[in-house]
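*Asks:* One structure is given below, represented as structure tokens, and several questions about it will come after.
The values are calculated or read from the model by the stated rules, or taken from the named source; none is laboratory data. Quick caveat: nothing in here was measured; it's all calculated off a predicted structure. For neighbour counting, all protein chains shown are included, and Cβ atoms are generated from backbone atoms with ideal geometry for every residue, glycine included. We work out accessible area using only protein heavy atoms, side chains counted, and drop any ligands, DNA or RNA first. Shrake-Rupley method; radii C 1.70, N 1.55, O 1.52, S 1.80 Å.
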Amino acid sequence: MTSSFSIACASLASSLHNIDRELERDKRTSPEDQLKTPISTFLTELGKQRTRQVNVVTEHRQVAGDNVQGVRLDLGIKDGYGRLVGHIELKAPGKSANPFRQAGWSKHDKKQWKRLENHTNLIYTNGWEWTLLRHGSDRPIAHILLSPDKNNDMPEDQVQRLSDLLDQFLSWRPTSPSTPKGLANQLAPLTRLLRDSVIDVITDSTEDALDKLYASWKQDLMPGATKADFADSFAQTFTYALLLARIESDVDSINFHAKEITPGLKRNGHRLIGAVLELMSQERNRELVEGPVALLEATIGAVDSEKFTSETDPWLYFYEDFLAAYDPIKRADAGVYYTPVEVVKTQVRLLDEVLKTRFGRPAGLGDESTNILDPAAGTATYALEIARHVIENSASKQDAARSLTKRLYAFELLMGPYSVAHMRLTKMLEDTGIELDKDGVQVFLTNSLTDPGDVSGDNQQISLWEVMEDINEENRRAGLVKNQQTPIRVVVSNPPYRRSKRAQAIGAGSTSYKNVILEETNGNRPLIDDFIEPLKVRGLGGQAKNLYNFYIYFIRWAIWKACEQHKNETGIVSYITSSSYLRGPGFAGVREYMRRVFDELWIIDLGGEGRGARKEENVFNIKTPVAIFVGIQHPNTSTGKPKRHADRMKQQAKVYYQRVYGTKKEKLSF
């Protein structure tokens with residue numbers, strides 16, 4: 001071991017002895033603050049002795065009395081290029097600096113570690129004890145307890161072990177996984193760390209920039225959002241905006257920072273994502289959560305997506321894999337389960353057939369006058385399959401792609417899948433050789449069930465934060481698709497199926513944009529009343545509680561959008577949903593209304609009850625039985641005259657029902 005490092009260790013030991021004496025004289029002194037200077041000096045000196053430069057950055061943190069709040073870290077360590085290497089968390093002398101031996105730890109220390117265990121390269125130290133920690137390991141990567149003599153000289157073996165520990169720490173570089181699932185598992189803990197850091201900032205007793213951002217966020221972008229909702233959205237948005245930029249840009253890893261990549265996102269048709277990232281990365285917001293933000297930048301900056309090799313779309317399962325690792329409970333609550341390819345292909349094939357045989361459109365889904373919408377798009381699985389089908393069956397792939405940019409729409413409420421949808425659909429269309437304009441693909445971050453507001457081709461829908469034109473523009477364009485200016489002929493989706501109370505479904509206090517299903521809007525009664533009134537006529541009004549399920553809301557919304565917004569034009573709806581509406585008195589109004597609105601109903605009942613004594617395999621990894629339906633309106637009567645909405649509402653549709661039994665594999669091959 002070099003004498004210069006031994007001298008640096010002796011100098012550190014001398015400083016630590018002085019701090020110990022100071023703390024004995026004055027218990028009010030903050031131990032962690034006392035350690036910052038000697039530890040920083042020691043590490044900076046270490047960098048001078050090595051080939052790599054070490055830059056020590058004191059992270060922002062709030063101190064209330066003597067108690068450090070939250071998970072904001074003490075010291076950030078960067079290399080000579082400014083790239084984050086890792087963090088150092090300081091513990092008071094007398095407290096263990098090994099999370100696996102928590103002697104002297106308070107409840108706060110233990111809670112903090114539960115969050116910091118997501119960190120990819122972290123040192124805990126109280127000066128005398130050093131522990132190197134990395135997410136995924138159930139023990140320290142390295143550990144050393146220093147015991148210098150009265151002259152502050154340390155045993156040679158301790159000096160060597162400390163040197164080795166620091167070399168391991170300083171040599172860390174993010175690795176690029178070889179699969180999207182590996183990347184999902186790598187990003188999930190870091191995103192969780194950012195989420196928890198945001199939570200700590202906005203729940204402390206100090207009013208700061210993130211508190212103000214949260215207030216604006218829940219007022220304008222996510223009406224009624226709780227602090228937990230905001231923290232989750234902030235973390236996922238930041239992660240996915242960075243990932244989208246990494247995949248599409250050629251910015252090198254050294255310069256891969258939020259501020260540098262935002263302009264490129266906006267230029268590439270991702271205006272909303274770029275605008276939100278720009279807002280989040282403003283210095284006053286960023287400095288409060290600098291640690292996890294910098295870790296995400298360093299990790300995603302090192303990603304090489306060209307490593308991802310697959311015969312199919314490599315991003316197909318990405319969001320489901322990410323959410324399973326990030327927050328499996330949230331995944332289950334949100335109903336985020338990937339729709340099997342076989343199901344999607346079946347629905348798309350049936351829609352294409354209906355357009356050709358019932359609507360007289362030989363090009364089917366490729367017909368340039370047919371607008372198509374997925375109102376619960378997730379990562380755009382349906383939009384991608386429709387685009388693939390249309391492009392592969394077109395004489396000119398580029399003409400087909402250009403047509404789809406104008407008439408293929410998707411709505412998504414969650415920022416994570418919305419970002420992946422943008423990425424996947426953009427890539428598929430541009431792979432034909434076309435170049436998208438600044439507006440990019442027609443994928444919008446919006447709540448499908450809310451009123452579009454007062455929009456026009458020239459006026460913006462709402463005014464969010466000052467100078468947030470890009471966010472306003474996203475809302476305006478989504479509103480144009482929702483209102484009558486964009487007639488939608490085909491609605492296809494796998495909407496969420498989740499029961500909820502009426503107040504929860506409305507949006508916990510959104511006054512700017514009413515839920516058109518559950519609230520009176522612009523003088524129009526709630527759309528769900530059309531499902532409830534038949535129950536009341538039968539004396540079954542008490543059964544209406546069964547209708548407060550999101551899949552029922554989406555069925556009613558799709559009927560309104562495709563079949564009633566332009567009443568004398570025809571539409572098609574195809575969903576895969578819970579099959580509970582097929583039977584039982586509580587759904588009598590749903591069945592009656594669907595038979596009135598549509599001329600034909602095709603039902604493919606896939607079963608899949610996973611509860612009770614007689615369990616059956618499901619095509620999803622859920623216990624709720626499911627069914628596909630295709631609701632079809634005929635353009636003309638049997639005599640060839642245009643069919644009017646008023647005449648249609650007096651009839652009953654023909655229903656074609658098929659029950660499919662067997663294993664999951666057998667059902668998917670049906």
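*Asks:* What is the P(r) of region 360-438, as percent of Cα-Cα pairs per 5 Å bin from 0?
*Replies:* Result returned by the calculation: 3, 16, 28, 25, 18, 7, 2, 0.
*Asks:* If you don't mind, there's one more thing I want to ask. Amide H neighbours of Tyr409 under 5 Å, at least 5 residues apart or on other chains, H built in the peptide plane: list them.
*Replies:* Ile372, Leu373, Asp374
*Asks:* Moving to a separate point now. Suppose all protein chains stay in the model; what accessible area per residue would a 1.4 Å probe give for region 242-323, in Å²? Don't skip to the answer; put the middle values down first.
*Replies:* Values: 3260 Å² over 82 residues.
I get 40 Å² per residue for this part.
*Asks:* Of the accessible area of region 78-146, with the probe set at 1.4 angstrom, what percent is carbon plus sulfur?
*Replies:* Values: 1350 of 2780 Å².
Roughly 49 percent of what the probe reaches on region 78-146 is carbon or sulfur.
*Asks:* Continuing with this model, one more query. At 7 Å along Cα-to-Cβ for each site, give me the label-to-label distance between Thr203 and Ala395 in nm.
*Replies:* With each label point 7 Å from Cα toward Cβ, the separation is 6.3 nm.
*Asks:* Here's a follow-up. Taking the Cβ of Gln633 as the center, what net charge do the other residues with Cβ under 9 Å away carry, scoring Lys and Arg +1 and Asp and Glu -1? Kindly include the intermediate steps, with their values, before the conclusion.
*Replies:* Working: positive: Arg358, Lys643, Arg648; negative: Glu569, Asp599, Glu600.
Once all neighbours under 9 Å are counted, the net charge is 0.
*Asks:* When Lys and Arg each count +1 and Asp and Glu each count -1, what net charge do the other residues less than 14 Å away from Thr120, Cβ to Cβ, add up to? Mind dumping the intermediate values first?
*Replies:* Working: positive: Arg83, Arg115, Arg134, Arg173, Arg192; negative: Glu89, Glu117, Glu297.
The answer is +2.
*Asks:* So, with +1 on the Cβ of K and R and -1 on the Cβ of D and E, and no other charges, what is the size of the charge dipole of region 576-655 about its Cα centre, to the nearest 20 debye?
*Replies:* Numbers: 14 positive and 8 negative charges, 65 e Å.
I would put it at about 300 debye.
*Asks:* Full-extension gain between Ser638 and Lys650, please, as 0.36 nm times their residue separation minus the C-alpha to C-alpha distance.
*Replies:* Values: separation 12, 0.36 × 12 = 4.32 nm, distance 1.52 nm.
So the extension gain works out to 2.8 nm.
*Asks:* Figure the gain on full extension for Asp153 and Tyr661 (residue separation times 0.36 nm, minus the Cα-Cα span) and round it to one decimal in nm. It would help to have the intermediate numbers written out before the result.
*Replies:* On the way: separation 508, 0.36 × 508 = 182.88 nm, distance 7.68 nm.
That pair, Asp153 and Tyr661, stretches by 175.2 nm at full extension.
*Asks:* DSSP loop (so not H, G, I, E, B), at most 13 other Cβ within 10 Å: list which GluC sites (Glu not before Pro) in region 516-569 pass both filters. Don't jump to the answer; show the numbers that get you there.
*Replies:* Values: sites: Glu519, Glu520, Glu564, Glu569; in loops: Glu519, Glu520, Glu569.
Sites meeting the loop and neighbour criteria: Glu520.
*Asks:* May I pose another question? Which percent of Cα pairs goes in each bin when the distances of region 535-670 are cut into 5 angstrom slices starting at zero?
*Replies:* Using 5 Å bins, I get a P(r) of 2, 9, 17, 20, 17, 16, 9, 6, 2, 1, 0 for region 535-670.
*Asks:* So what is the accessible area of region 519-588 per residue, in Å², with the probe set to 1.4 Å?
*Replies:* For region 519-588, the solvent-accessible area averages 37 Å² per residue.
*Asks:* Give, to the nearest whole percent, the P(r) tail of the chain beyond 42 angstrom, counting all Cα pairs. Could you put the intermediate results ahead of the total?
*Replies:* On the way: 78784 of 224115 pairs.
Cα-Cα pairs in the chain separated by more than 42 Å: 35 percent.
*Asks:* Turning to a different aspect of this structure: Counting DSSP beta bridges in the chain, what percent are antiparallel, to the nearest 5?
*Replies:* Numbers: 37 of 59 bridges.
In the chain, DSSP labels about 65 percent of beta bridges as antiparallel.
*Asks:* Which FRET efficiency, nearest 0.05, do Glu24 and Thr226 yield, Cβ-Cβ r, R0 45 Å? Show your work: numbers first, answer last.
*Replies:* Values: r = 45 Å, r/R0 = 1.01.
Plugging the Cβ-Cβ distance into 1/(1 + (r/R0)^6) gives 0.50.
*Asks:* Continuing with this model, one more query. Rounded to the nearest 500, what is the chain's calculated 222 nm mean residue ellipticity when only DSSP H runs of at least 4 contribute -39500 (n - 2.57) each, over all residues? Please list the in-between numbers first.
*Replies:* Numbers: 24 runs with 286 residues, N = 670.
Helices in the chain give a 222 nm mean residue ellipticity of -13000 deg cm²/dmol.
*Asks:* Hey, can you rank 595-603, 165-173 by average C-beta count inside 10 Å, highest first? Let's see the in-between values first.
*Replies:* Working: 595-603: 19.6, 165-173: 17.3.
So the peptides 595-603, 165-173, ranked by packing, come out 595-603, 165-173.
*Asks:* I'd like the Karplus ³J(HN,Hα) series for region 621-626: coefficients 6.51, -1.76, 1.60, θ = phi - 60°, whole numbers in Hz, and an x wherever there's a Gly or Pro.
*Replies:* Result, rounded to whole Hz: 8, 9, 9, 8, x, 10.
*Asks:* If you average the sequence gap of Cα pairs under 8 Å that are 6 or more apart and divide by the length of the chain, what percent do you get for the contact order?
*Replies:* This gives 9 percent for the chain.
*Asks:* So how tilted is helix 3-25 from the main axis of the chain? Cα-based, degrees 0 to 90, rounded to 10.
*Replies:* Roughly 90 degrees, rounded to the nearest 10.
*Asks:* Mind checking the angle between helix 469-482 and the chain's longest principal axis? C-alpha axes, 0 to 90 degrees, to the nearest 10.
*Replies:* The two axes meet at around 20 degrees.
*Asks:* Between Ala613 and Asp33, what FRET efficiency comes out of the Förster formula 1/(1 + (r/R0)^6) with R0 = 51 Å and r the beta carbon distance, rounded to 0.05?
*Replies:* Working: r = 64 Å, r/R0 = 1.25.
E between Asp33 and Ala613, to the nearest 0.05, is 0.20.
*Asks:* Moving to a separate point now. Pop out the ³J(HN,Hα) list for region 207-212 in order, Karplus 6.51 cos²θ - 1.76 cosθ + 1.60 with θ = phi - 60°, rounded to Hz; leave Gly and Pro as x.
*Replies:* 7, 9, 4, 5, 5, 5
*Asks:* Residue by residue through region 243-250, what is 3J(HN,Hα) from phi via Karplus (6.51 cos²θ - 1.76 cosθ + 1.60, θ = phi - 60°)? Round to whole Hz and write x for glycine and proline.
*Replies:* Going residue by residue, I get 5, 4, 5, 4, 6, 9, 10, 10 Hz, with x marking Gly and Pro.
*Asks:* In degrees, nearest 10, range 0 to 90: what is the angle between the Cα axis of helix 415-430 and the longest Cα principal axis of the chain?
*Replies:* Approximately 70 degrees, to the nearest 10.
*Asks:* Add +1 for every Lys or Arg and -1 for every Asp or Glu among the other residues with Cβ under 14 Å from the Cβ of Asn152, and state the total. Provide the component values of the computation, followed by the final result.
*Replies:* Numbers: positive: Arg21, Lys150; negative: Asp20, Asp149, Asp153.
My count for the surroundings of Asn152 gives -1.
*Asks:* Report the residues of region 287-329 in range of a label on Ile622: point 7 Å along Cα→C-beta, backbone N strictly under 13 Å from it.
*Replies:* From region 287-329, the list is empty.
*Asks:* Would you work out what percent of the accessible area of region 150-301, with all protein chains in place, is carbon or sulfur (probe 1.4 Å)? If you can, show how the numbers build up before the last one.
*Replies:* On the way: 2560 of 5520 Å².
In region 150-301, the share of accessible area belonging to carbon and sulfur is 46 percent.
*Asks:* So how far apart, in nm, are the two label points at Asp252 and Thr175 if each is 7 Å from Cα heading toward Cβ?
*Replies:* 2.4 nm
*Asks:* Of the accessible area of region 521-670, with the probe set at 1.4 angstrom, what percent is carbon plus sulfur? Walk me through the numbers on the way to the answer.
*Replies:* Numbers: 3520 of 6990 Å².
Of all accessible area on region 521-670, carbon and sulfur atoms account for 50 percent.
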